[in-house]
Amino acid sequence: MLNTTQDIFWLVFAIIMAFVGVGLGFAVFYLARLVRDLQKIVTSTKKKFDLADRIMEAVVDKVENTANYIPPLIEGAVKLVNAIREHHCDADDKAKKKKK
């Protein structure tokens, strides 16, 4: 079976090629698992960004809807303050007239 050094060379070469094949098989397997895990991470991140985007859109919609009601509220508050001021000034004028 092992008559010459060339036979030993081919036997060692075959054993080394077997180890290289097994090593490459493991490398491909772990690379595939790595790619799968990266895909899961990317998918999870996309879902979280989509959720954050939906939350921000909801907040913006709420703020825009609330902003529509602010000018009439401000106008009403100004009118109320003016009415209270006028009432207070009228009361002060009456009190001054009574003192005289």
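Any read-out appearing in this document is the output of simple, stated calculations on the displayed coordinates, not a laboratory observation. The structure presented is a predicted model; accordingly, all values stated were derived computationally and were not measured. Here Cβ is always computed from backbone atoms with ideal geometry, including for glycine, and neighbour counts include all displayed protein chains.
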### Task
For n ≥ 4 DSSP H runs only, could you compute -39500 (n - 2.57) per run for the chain, divide by its residues and tell me the 222 nm figure to the nearest 500?
-36500 deg cm²/dmol
## Note on the structure
Computed over the chain: longest principal axis from alpha-carbon atoms vs helix 5-99 long axis, angle to nearest 10 degrees, is 0
### Query
Going by a ≥ b ≥ c, the root eigenvalues of the Cα gyration tensor, does region 39-90 fall in the rounded group (a/c under 1.5), the prolate group (a/b larger than b/c) or the oblate group?
prolate
### Summary
Along the dipole axis of the chain (charges at Cβ: +1 for Lys and Arg, -1 for Asp and Glu; origin at the Cα centre), the most positive-end residue among Ala32, Asn82, Ile70 is Asn82
